[in-house]
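The values are calculated or read from the model by the stated rules, or taken from the named source; none is laboratory data. In this text, all values refer to a predicted model and were calculated from it rather than measured experimentally. Cβ placement follows ideal geometry from the backbone for every residue including glycine, while neighbour counts extend to all protein chains displayed. Accessible surface areas use protein heavy atoms only, side chains included; no ligands, DNA or RNA. Shrake-Rupley method; radii C 1.70, N 1.55, O 1.52, S 1.80 Å.
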Amino acid sequence: MPEGPELHLASLYVNSMCEGVVFSGPVRKSEVSKNPDVPFTSEAYRITATSRGKEVKLTLTPIKKDEPKRRMKTGQAEQPIDIVFRFGMSGYFRFTREDELPKHAHLCFYSKEKPSRVLSFVDTRRFGSWEPNGTWQPNRGPCVLFEYKKFRENVVSNVSDRAFDRPICEVLLNQKYFNGIGNYLRAEILFRSNIPPFVSARAVLEGLDSDDSCENENPLKKETDTKKQMKHEMSDLLRLCHAVPLEVVNLGGKGYDPTKKEYSDFEAWLQCYCVDGMKSLQDHNGRTIWFRGDPGPMSPKAKKWAKKVNDHDYTDKKKVKMRSSSRHLHNSVYLSSVSFHQVAKRKREAKVKKTVIKQEGVTKTPKNEKDARLKEAESKRRKPAKTHEVNTPQRETRSSARRRKTSSVEATAGVAMSKNKNVLSTGEE
DNA sequence: CGTCCACGTCTAC
DNA sequence: TAGACCTGGACGG
């Protein structure tokens, strides 16, 4: 669940669920968590939340009574405290009855009522963390959602930073500059801007104005600037870093609470990430980047895999093959956020009908366009084309009809995508 | 059953 | 620039 929009939706969730609720007693941590204890206890306190980028801050505010002395004695808090959370890969908040505490609830706040209700921080994989009396992590930049102006200035005034030497898709995950952007957002943002993922970040960003003209509400200016301006604004990468996550927030808070919603909205919203017909590659940090068309000049090619088992091309290829072919079908395991889960499921189902074929290439020879076209045509023709890997013909059972996205590991130039989102190809070999 | 994969940081060689 | 840190769903055998 956790990129900027989900963190913000989490804060909205806490504020709406906990409005008017009085909490009481100590904050309890699960046995298994390695995060710090939260040394706070109060007879009566309230909880509110705010978010910034990929962090959420809970504020516990004791409700005033008029006997400070007594409270002092019993170690009761008088002053509010903040707890700053990072969600890792699977964190989220839930507010439930005490008897229905979710599995993997690692930090719990109990309400004062008889059968208590509990606000809990749930985190299956435990990559999440919290800091009592914490502040926003100092090395993280301004929030792409709610500090847009500062965010923009921070990037524009620092493009000379070595951090921008890298490909844009990798820089977008740098929280010092893009606090709130994560793996699905970077794919969606680049997709909409039509910028290949592996082009130099500096090349893309330098020349952008620290002042986003969209922010100027000056009507005169609007009039004078025409379509050109609009176009520029729409394609301005930094603006998209704000606008795209905002769209997710606007899909609704319901999209967040795993119990309530259908996640079809979120699924339908994705245009690139895990979408059939899109390509994917591992970036230099081993993260999967989804994109369409040309990967760009700084793409990692197939080195990553090739180098490992260099001599043994059989095993190596086999391995590569497995990844590429099976990966797409599975990216679904997002426990904390059903949305992703559902997304994958839907795609798989849709897949059955469609028949997409793709070709993988991780091997040498980037082929030329003609080949690409031939391949594509070929794959279109034979439906469930098995992808032939050089040595390992990988078979795909029709019955299991798994879904498959295209992947292209090679930096093959953009293979023209057919409009049918289903088809694609990119193969090498 | 085993392998692969996942919305993210972290720290250590 | 690798691992480490974790759990669990989907698949393949």
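Does residue A:140 qualify as being in a loop (DSSP other than H, G, I, E, B), under 29 Å from residue A:59 (Cα atoms) and touching a Ser or Thr at 6+ places or on another chain (Cβ under 6 Å)? The answer is no for residue A:140. Among residues of region A:173-189 that are in the same structural domain as residue A:156 (by TED's automatic domain parsing), those with a Cβ under 7 angstrom from a residue that is of a type in the set (Phe, Trp, Tyr), sequence gap 6+ or separate chain, pair up as A:184/A:273; A:187/A:273; A:187/A:290; A:187/A:291; A:188/A:273. The set of residues from region A:125-138 being near DNA strand B (Cβ under 8 Å from one of its atoms) and either of a type outside the set (A, V, I, L, M, F, W, C) or open to solvent by less than 60 Å² (accessible area, probe 1.4 Å) (or both) comprises A:125, A:129, A:137. Can you confirm whether region A:185-199 contains a residue that is at pLDDT 95 or above, within 16 Å of DNA strand C (Cβ to nearest atom), over 16 Å from the mean Cα position of the chain (by Cα) and open to solvent by 40 Å² or more (accessible area, probe 1.4 Å)? Among the residues of region A:185-199, not one is at pLDDT 95 or above, within 16 Å of DNA strand C (Cβ to nearest atom), over 16 Å from the mean Cα position of the chain (by Cα) and open to solvent by 40 Å² or more (accessible area, probe 1.4 Å), which makes the answer no. Among the criteria (1) away from DNA strand B (no atom under 13 Å from the Cβ); (2) free of Cβ contacts under 8 Å to residues at least 40 places away in the same chain; (3) closer than 16 Å to residue A:53 by Cβ, the one residue A:149 does not fulfil is (2).
Let's see how each residue does on (1) touching a helix residue (DSSP H, G or I) at 6+ places or on another chain (Cβ under 7 Å); (2) modelled with pLDDT of 95 or more; (3) of a type in the set (Gly, Ala, Ser):
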residue	(1), (2), (3)
A:160	no, yes, yes
A:168	yes, yes, no
A:172	yes, yes, no
A:203	no, yes, yes
A:206	no, no, no
A:211	no, no, no
A:214	yes, no, no
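Residue-by-condition table, conditions (1) open to solvent by less than 20 Å² (accessible area, probe 1.4 Å); (2) part of a loop (DSSP other than H, G, I, E, B); (3) within 16 Å of DNA strand B (Cβ to nearest atom); (4) not assigned by TED's automatic domain parsing to the domain that holds residue A:181:
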| site | (1), (2), (3), (4) |
| --- | --- |
| A:78 | no, yes, no, yes |
| A:83 | yes, no, yes, yes |
| A:102 | no, yes, yes, yes |
| A:107 | yes, no, yes, yes |
| A:115 | no, yes, no, yes |
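Rundown of residues vs (1) closer than 25 Å to residue A:178 by Cβ; (2) among the charged types (D, E, K, R); (3) within 26 Å of the chain's Cα centre (by Cα); (4) at pLDDT 95 or above, yes/no style:
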residue	(1), (2), (3), (4)
A:92	yes, no, yes, yes
A:98	no, yes, no, yes
A:116	no, no, no, yes
A:119	no, no, yes, yes
A:124	no, no, yes, yes
A:128	yes, no, yes, yes
A:136	yes, no, yes, yes
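Across region A:28-44, a minimum of one residue is classified as of a type in the set (Ser, Thr, Tyr), out of contact with any Pro (no Cβ under 9 Å at 6 or more places or on another chain), in a loop (DSSP other than H, G, I, E, B) and more than 16 Å from DNA strand B (Cβ to nearest atom). Exactly one residue out of A:287, A:292 is of a type in the set (Lys, Arg), within 16 Å of DNA strand C (Cβ to nearest atom) and at pLDDT 85 or above, and it is A:287. Within region A:32-76, the residues that satisfy the criterion of being open to solvent by 40 Å² or more (accessible area, probe 1.4 Å), at pLDDT 95 or above and aliphatic (A, V, I, L, M) are A:32, A:63.
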